[in-house]
Amino acid sequence: MKKEGKLMEKIVALAKRRGFVYPGSEIYGGFAGFYDWGPLGVELKFNIKQAWWHDVVRRRDDVVGLSAAIIMNPKAWEASGHVSGFADAMVECKKCHHRFRADQVEKKCPDCDGVLGDARQFNLMFQTHVGAAEGSESIAYLRPETAGGIFVNFKNVLSSTRVKLPFGIAQIGKAFRNEINPRDFVFRTREFEQMELEYFVKPGEDEEQFSEWVKERFTWYKSIGLKNVRKREQEKEERAHYSKATTDIEYEFPFGWQEIEGIANRGDFDLSAHQKASKQDLTYFDEEKKERYLPYVIEPSAGVERIALAALCEAYTEDGDRVVMKFHPRIAPIKAAVFPLLANKPDLVKKARKIYEDLQKEFTVAWDDRGNIGKRYLSQDEAGTPYCITVDFDSLENDDVTVRDRDTAKQERVKMKELAEYFKKHLA
Ligand code: ATP
């Protein structure tokens, strides 16, 4: 097996062993395209979402948040073109009947070498039924992206807030796509979370705003510690017909460069489609110009699991026999672990417990009093915890503790009362 394949295998194994990611419904044999996030994974995803929300919504005056329903009136998906056109070309092997995305296979079946049939369109939206009566009238869809909920609430947000162009509406939430070939671990799954921003601008200012957002989003990845990222402008043939420009942000995974976020200049495609179908006026009144128009929209759209996978790949480091997950402190699942040197010495445990409970008020911290200190360090290194704090006999005399740095393994003594400040500074 190639080196890259081995690396992915190791990451998948560690993810399961340490509770980042489990195969979905595993005791029933799994379920292709679905994964469950364990105790460390859920913290990692939460930190990624929090970092995004903080930088895209809370730290800006021009963006507000939204949490729309996953299931919407199906008319919204008809208007957006998803019912008729959210499809991938699919081919089926005539021998083993396995199905593949047409753009990902050659003429022969990758599983059995059989001949592939003609391509046909396969809609990726999951269908469900709403209400007790099942019929064509009750069909609804699990949203394939979160953006739809933003566009249908454009008017509500305009009238309930004081936003003025340019402004954005942001949303984080689940999206569902019945992918033909879920693959590459959590890279392509059938249920995932998106972090999407619809940034509305005056027509004519869209190109400048688009470049700003590409820059902004690219530098954001550095702020969570992803170094192997690049921008890639999509060619005209790759882009959706309404998109004036699309730039992908890609990460270099062990299986190659792949998209983790797409930033698109969508013009007024969405608002105009919803205005037409809903027969509601979705225009914006420009007080300066004294005129009404449909704003254009810039859409940065990112996937939480793809970023989490990129973070796992970026963090994975082997040092001899030991694995260190070098997460950026901003997204590390646990920020610090607290150890009493010996679990059977009540004085040590009491003091360590006090530190643990104090830090818990501000940070995600872990407690470990099993085995020897060396083993505890190894375990926290695999979890990616940036700092370990040990309370020893000197701590009882001097009110200080040993703080050990994950990446350098260097240790220093820090006064107990300065610990919160110490971490604020080092985790910033
Ligand atoms: P791809 O070409 O890889 O299928 P896309 O261009 O269809 O992706 P978008 O519709 O632009 O993706 O969705 C925005 C983001 O949502 C993507 O950059 C990705 O991070 C995430 N995403 C999309 N589909 C999936 C999926 N099946 N599994 C996990 N994340 C996804």
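The values are calculated or read from the model by the stated rules, or taken from the named source; none is laboratory data. Since the model is a prediction, treat every value here as computed from it, not as a measurement. Here the Cβ is made from the backbone with ideal geometry for all residues, glycine too, and neighbour counts use every protein chain on show. Remember, those area values only see protein heavy atoms, side chains included, never the ligands or the DNA or RNA. Shrake-Rupley method; radii C 1.70, N 1.55, O 1.52, S 1.80 Å.
Checking Leu44 against (1) open to solvent by 30 Å² or more (accessible area, probe 1.4 Å); (2) touching a residue at least 60 places away in the same chain (Cβ under 8 Å); (3) among the aliphatic types (A, V, I, L, M), which single condition isn't satisfied?
(1)
Quick test of your reading of the structure: Gln234 fulfils all but one of (1) more than 30 Å from Thr317 (Cβ to Cβ); (2) away from the ligand (no atom under 12 Å from the Cβ). Name the failing condition by number.
With respect to (1) more than 30 Å from Thr317 (Cβ to Cβ); (2) away from the ligand (no atom under 12 Å from the Cβ), Gln234 is out only on (2).
Out of (1) in contact with a Ser or Thr (Cβ under 8 Å, 6 or more places away or on another chain); (2) more than 10 Å from the ligand (Cβ to nearest atom); (3) open to solvent by less than 30 Å² (accessible area, probe 1.4 Å), the odd one out for Ile172 is which?
Result: Ile172 fails condition (3) only.
Which fully enclosed strands (runs of 3 or more DSSP E) of the range 257-319 have 2 or more residues being touching a residue at least 40 places away in the same chain (Cβ under 8 Å) and either open to solvent by less than 40 Å² (accessible area, probe 1.4 Å) or within 13 Å of the ligand (Cβ to nearest atom) (or both)?
Fully inside the range 257-319 and qualifying: 284-286, 296-303.
Taking the range 47-57, which residues are over 29 Å from Asn178 (Cβ atoms) and open to solvent by 20 Å² or more (accessible area, probe 1.4 Å)?
Selection gives Gln50, His54, Asp55.
Looking at Phe167, Phe200, Phe187, Phe154, which one is near the ligand (Cβ under 10 Å from one of its atoms) and hydrophobic (A, V, I, L, M, F, W, C)?
Within the list Phe167, Phe200, Phe187, Phe154, the selection yields Phe187.
Which of the numbered conditions does Glu137 fail, given that it passes all the others? Conditions: (1) open to solvent by 70 Å² or more (accessible area, probe 1.4 Å); (2) over 22 Å from Glu179 (Cβ atoms); (3) in a loop (DSSP other than H, G, I, E, B).
(3)
Whether any residue in the range 113-132 is under 20 Å from the mean Cα position of the chain (by Cα) and of a type in the set (Gly, Ala, Ser) is what I want to check.
no
Which ones in the range 71-97 are surrounded by 17 or more Cβ atoms within 10 Å (Cβ to Cβ) and part of a loop (DSSP other than H, G, I, E, B)?
Within the range 71-97, Met72, Ser80, Phe86 qualify.
Kindly indicate the residue of the range 399-423 that is without any contact (Cβ under 8 Å) to a residue 12 or more places away in the chain and assigned to a helix (DSSP H, G or I) and also most open to solvent (accessible area, probe 1.4 Å) among those meeting that condition.
Glu421
What pairs come up if the first residue lies in the range 140-169 and is within 12 Å of Pro295 (Cα to Cα), the second is within 16 Å of the ligand (Cβ to nearest atom) and open to solvent by less than 40 Å² (accessible area, probe 1.4 Å), and their beta carbons are under 6 Å apart, counting only those six or more places apart or on different chains?
Phe151/Asp270; Gly168/Leu197; Gly168/Tyr199
Out of Ala332, Ala352, which single residue is in contact (Cβ under 8 Å) with a residue 60 or more places away in the chain and buried (at least 19 other Cβ atoms within 10 Å of the Cβ)?
Testing whether each residue is in contact (Cβ under 8 Å) with a residue 60 or more places away in the chain and buried (at least 19 other Cβ atoms within 10 Å of the Cβ) leaves just Ala332.
Mind listing whichever residues of the range 355-373 are touching a residue at least 40 places away in the same chain (Cβ under 8 Å) and assigned to a loop (DSSP other than H, G, I, E, B)?
Those that are touching a residue at least 40 places away in the same chain (Cβ under 8 Å) and assigned to a loop (DSSP other than H, G, I, E, B): Glu362, Phe363, Thr364.
Return the only residue of Trp220, Trp213 being in a helix (DSSP H, G or I) and within 14 Å of the chain's Cα centre (by Cα).
Trp220
So Ala140 clears everything in (1) outside the structural domain of Phe31 (by TED's automatic domain parsing); (2) within 16 Å of the ligand (Cβ to nearest atom); (3) not acidic (Asp, Glu) except one condition, right? Which one?
(2)
Surrounded by 15 or more Cβ atoms within 10 Å (Cβ to Cβ), touching a residue at least 24 places away in the same chain (Cβ under 8 Å), closer than 27 Å to Phe192 by Cα and not assigned by TED's automatic domain parsing to the domain that holds Ala170 - does that describe any residue in the range 102-117?
The answer is no; no qualifying residue exists.
If you go through the range 229-255, how many residues are modelled with pLDDT under 95, part of a loop (DSSP other than H, G, I, E, B) and either within 23 Å of Arg183 (Cα to Cα) or open to solvent by less than 80 Å² (accessible area, probe 1.4 Å) (or both)?
5
Which numbered condition trips up Ser379, out of (1) without any contact (Cβ under 8 Å) to a residue 12 or more places away in the chain; (2) more than 18 Å from Phe20 (Cα to Cα)?
Condition (2) is where Ser379 drops out.
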